[in-house]
Amino acid sequence: DSEGKIVKDHFSPAFLQWAKDHGISPGDAGQIVGYELPGKLMLLATAGDPRGVHLLQRALMSRNYILAVIASKGLAKLQDKDSIPMIVEAAQKAPSAMSVGIANALLYFDDPDAQNAAAMLIPDRDYREAIRKEIREGKSTPF
């Protein structure tokens, strides 16, 4: 929905058209975009292979916010500082329910711009500091 939450058994006209154009049922299309694509992207993102940066950046701009969250974490794992403005933009455009999930990746960059953006996009200071502490102690990774 407009807040980024999954609504069961409700498909937008654009989604129904996409399924029709690809010759698949809405249920099968939901399975693909809800499980299969995120699973495949997760494999790429967790691999830490810099050859995947372009695909992760494209996924970051997806309207499928699950993909955007996974992509932001993959780019953080790669420490691709060129992607920081894209992560910020994706978090700003995302519904509030998904924005923090995307912005969370910024906390993993050793970069003042990323940290400043995280402070703006993640309103809970205690949460930010707890994650930063875990990162410093080696107890937390983007995934």
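The values are calculated or read from the model by the stated rules, or taken from the named source; none is laboratory data. The structure presented is a predicted model; accordingly, all values stated were derived computationally and were not measured. Here the Cβ positions follow ideal geometry from the backbone for every residue, glycine too, while neighbour counts run over all protein chains shown. When the accessible area is computed, the model is the full protein with side chains, heavy atoms only, and any ligands, DNA or RNA have been set aside. Shrake-Rupley method; radii C 1.70, N 1.55, O 1.52, S 1.80 Å.
Structural remarks
- Percent carbon-and-sulfur accessible area, the chain, ignoring ligands, DNA and RNA, probe 1.4 Å: 55
- Helix-only CD estimate at 222 nm, as mean residue ellipticity for the chain, using -39500 (n - 2.57) per DSSP H run (n ≥ 4): -18000 deg cm²/dmol
- Entry comment: accessible area of the chain is 60 Å² per residue, from protein heavy atoms only and a probe of 1.4 Å.
- Ranking by accessible area, most exposed first, for Tyr108, Tyr127, Tyr35 with a 1.4 Å probe: Tyr35, Tyr127, Tyr108
- Listed residues Ser99, Ser62, Ser72, most fluctuating in the chain (Gaussian network, C-alpha, under 10 Å): Ser62
- Computed log₁₀ I(q)/I(0) - Debye formula, equal Cα scatterers, no solvent, the chain, q 0.17 Å⁻¹: -0.92
- Glu137 - accessible surface, heavy atoms, 1.4 Å probe, Å² rounded to 10: 90
- Each 5 Å bin from 0 upward holds the following percent of the Cα-Cα pairs of segment 45-104: 4, 24, 37, 22, 10, 2, 0.
- Other residues lying with their Cβ under 15 Å from the Cβ of Glu129 contribute a combined charge of +2, Lys and Arg counting +1, Asp and Glu -1.
- In this view, the solvent-accessible surface of Lys77, computed with a 1.4 Å probe and all protein chains in place, comes to about 90 Å².
- Among Gly101, Gly74, Gly48, residue whose mean-square fluctuation peaks in a GNM of the chain (springs only between Cα atoms under 10 Å): Gly48
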